[in-house]
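The values are calculated or read from the model by the stated rules, or taken from the named source; none is laboratory data. None of the values given here were measured: they were computed from a predicted structure. Here the Cβ positions follow ideal geometry from the backbone for every residue, glycine too, while neighbour counts run over all protein chains shown. Quick note on the areas: whole protein, heavy atoms, side chains included, nothing else; ligands and nucleic acids left out. Shrake-Rupley method; radii C 1.70, N 1.55, O 1.52, S 1.80 Å.
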Amino acid sequence: MVACGGGGGGGGTSGGPAPANEYEIFLTADRIELPINLNPTSFPWEYGSPGKGTNAPFTTELYVRAKRKGTDDFIPPREDAFGCRVDGGLRVGSLYYLDGDEEHEVELKYNDEDGVEQTIDVPAAFRAISLDANAGGASFHFHAGDAAGDATVVCSVTDPQSGKEVSTSVKISVGQATGSASQVRVNSSAPQYLFVQNINGQTQLQLQAQILDDVGEFAPNPPVGVNNIYARIVPTDSLADDDAKLRGSGLADNTWVKARSINGQAQFSLISGTRTGTVLVELLADRFDNNVDNGIDHAVTNVIRVDVVDGSVLAAPVFFETTGVLQAGKQGDPYEPVVLDVAGGTPPYRWSIVQGSLPPGLNLQPFGVIAGTPLASGSYSVLIRATDSVGQSAEAPFAVQIEAADPVPVPELTIAEGALPDGTIGAAYAGFVFAASGGSEGVATAWSATGLPPGLTLSSAGALTGTPTNAGTYALNVTARRGESVANRAFIVRVN
């Protein structure tokens with residue numbers, strides 16, 4: 001609960017003192033922390049929509065009231081006595097009446113399951129609202145949006161005697177912005193491809209990285225002089241990356257560049273070389289400390305593909321430069337990424353699988369790279385389509401062989417040591433449960449034994465129970481079987 005009052009205060013306490021007999025105003029909220037709302041305008045108008053009570057996790061109710069200082073007389077009933085507004089971006093949250101008044105609702109049209117258009121009334125969002133005074137105050141609602149941040153709700157009232165307006169505020173926090181990198185996005189300037197050098201075409205492409213935290217907010221600016229994004233040209237079989245270069249305002253050595261983000265954005269440039277083909281640029285941020293100058297402890301990455309062409313191929317149909325058998329892989333081992341190459345048409349290209357499938361664990365990235373870790377062995381075939389930016393396309397078949405993983409050594413099966421309790425003739429044995437480790441995983445252990453005292457038995461689960469009938473010292477040979485693994489251990493049990 002936060003309350004503010006009189007003279008436009010904030011931060012959870014009353015504002016400046018009001019002169020004698022003038023109004024002072026108070027504002028409280030049921031909750032001052034709300035989760036970020038990923039679906040603030042979702043339909044059906046249910047989860048994520050504004051509402052009252054415990055089933056409305058993204059909405060809080062606010063109460064505003066005013067009274068005369070000195071006499072404690074509450075403001076009398078009157079229309080539009082209070083004015084309330086949200087200071088800040090509306091993505092953080094909006095105000096709602098939630099009073100059922102048609103003037104405070106909007107029509108929403110949708111098609112039902114039969115395709116018939118329907119219309120319902122839903123609460124309308126406001127940045128500023130007017131409230132009637134009733135019993136000295138009024139209530140309204142704040143509903144969280146899809147952006148994390150702090151929203152300041154300000155309410156004011158005008159004293160009809162002095163004509164003076166007094167106001168107060170309450171801060172509501174939406175979401176839990178961490179400030180730690182969780183995602184890197186990358187955009188490029190048009191036309192999203194490059195020409196080789198010396199043909200009087202575009203040879204420089206502007207790339208912009210965006211660093212976002214866990215709730216989609218931009219990462220904070222690092223200190224001046226500290227870089228928090230690292231970009232590098234990924235070596236591939238393509239000739240285009242042999243002499244391509246990265247440039248920027250930060251540190252660079254042609255194959256890599258570092259940059260400092262401002263409001264989550266960092267810029268640098270890719271310069272083509274003299275050869276056609278594909279250039280992959282990987283971008284990395286450090287979730288650990290938002291600093292790549294001191295190394296990268298917890299990498300957050302993304303990759304962008306840039307095709308380098310000469311003037312002749314733009315007029316040609318799209319065609320695959322390589323087809324057939326892809327490099328082999330091994331089950332459970334990271335697959336060496338394969339960059340699919342096409343020529344002709346107008347880049348950039350979109351890639352999709354038309355028929356067949358890649359091995360489980362391998363994926364065709366949207367930028368035409370096959371990567372991942374294969375999860376199953378076998379032979380796989382797939383038909384892949386490349387579509388250029390104007391809709392021309394080509395298809396080509398590919399095959400890939402995945403070898404089986406090396407067999408996992410089975411650890412030796414062993415029976416745990418332990419002293420067996422003594423038994424007494426005619427009395428129930430205290431009992432003992434044998435334990436084993438190792439052997440084949442996922443297989444139950446079967447137990448057996450020889451040399452048991454009369455009256456005692458060993459269950460297949462390894463429990464030694466019963467009532468001994470003969471005194472003596474007995475040597476037990478206990479056997480455990482788990483799959484193909486077998487273990488034996490000797491034990492002594494005495495019966496008195």
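Structure notes:
- Rounded, prolate or oblate (a/c below 1.5 giving rounded, otherwise prolate when a/b exceeds b/c) for the chain by Cα gyration tensor: oblate
- On a per residue basis, segment 304-460 carries 50 Å² of accessible surface, using protein heavy atoms and a 1.4 Å probe.
- Carbon and sulfur %, accessible surface of segment 237-388 computed with the full protein complex present, 1.4 Å: 50
- Relative contact order, percent, segment 408-478 [alpha-carbon distance under 8 Å, six or more residues apart]: 34
- Formal net charge of residues neighbouring residue 302 (Cβ-Cβ distance under 14 Å; K, R +1; D, E -1): +2
- Projecting the Cα positions of 487, 255, 291 onto the charge dipole of the chain (unit charges on Cβ atoms of Lys, Arg, Asp and Glu, taken about the Cα centre) puts 487 furthest along the positive direction.
- Taking 0.36 nm per residue of separation and subtracting the Cα-Cα distance, full extension of the segment from residue 371 to residue 496 would add 38.1 nm.
- Debye-sum result for segment 108-162 in log10 I(q)/I(0), which assumes one identical scatterer on each alpha carbon, at q = 0.12, 0.19 Å⁻¹: -0.56, -0.90
- Three-way shape call for segment 398-440 based on the alpha-carbon gyration tensor, with the a/c threshold at 1.5: prolate
- Solvent exposure of segment 90-217, expressed per residue, is 50 Å² of accessible area, with all protein chains present and a 1.4 angstrom probe.
- Model label sites at residue 87 and residue 271, defined 7 Å from Cα along the beta-carbon direction, differ in position by 4.9 nm.
- Tensor-based shape of segment 202-323 (alpha-carbon gyration tensor, a/c under 1.5 rounded, otherwise prolate or oblate): prolate
- Shown is the FRET efficiency for residue 403 and residue 470, computed with R0 = 45 Å from the Cβ-Cβ distance and rounded to the nearest 0.05: 0.15.
- Annotation: amide H-H contacts under 5 Å for residue 244 (H modelled 1.01 Å from N, sequence separation of 5 or more, or interchain): 273.
- Taking each residue as 0.36 nm, the span from residue 187 to residue 323 lengthens on full extension beyond its C-alpha to C-alpha distance by 46.0 nm.
- Relative to the Cα centre, the charge distribution of the chain, modelled as +1 at Lys and Arg Cβ and -1 at Asp and Glu Cβ, gives a dipole magnitude of about 1320 debye.
- Around the amide H of residue 420, modelled in the peptide plane, lie the amide H atoms of 492, all under 5 Å away and 5 or more residues distant in sequence or on another chain.
- Neighbourhood charge, 14 Å Cβ-Cβ cut-off, centred on residue 375 and excluding it, Lys, Arg +1 and Asp, Glu -1: -1
- Per-peptide average of other Cβ atoms within 10 Å, ordering 223-232, 248-257 highest first: 223-232, 248-257
- Built amide H within the under 5 Å cut-off of residue 361, gap 5+: 375
- Computed FRET value (nearest 0.05) for residue 52 with residue 218, which takes r as the C-beta separation and R₀ as 45 Å: 0.85
- Our summary gives segment 91-131 a relative contact order of 44 percent, counting only alpha carbon pairs under 8 angstrom and 6 or more residues apart.
- Fully extending the segment from residue 21 to residue 414 would add 132.7 nm, taking 0.36 nm per residue of separation and subtracting the current Cα-Cα distance.
- The calculated FRET efficiency for residue 139 paired with residue 178, based on their beta-carbon distance and R0 = 35 Å, is about 0.60.
- Total formal charge among the other residues, if their Cβ is under 12 angstrom from that of residue 98, Lys/Arg +1 and Asp/Glu -1: -3
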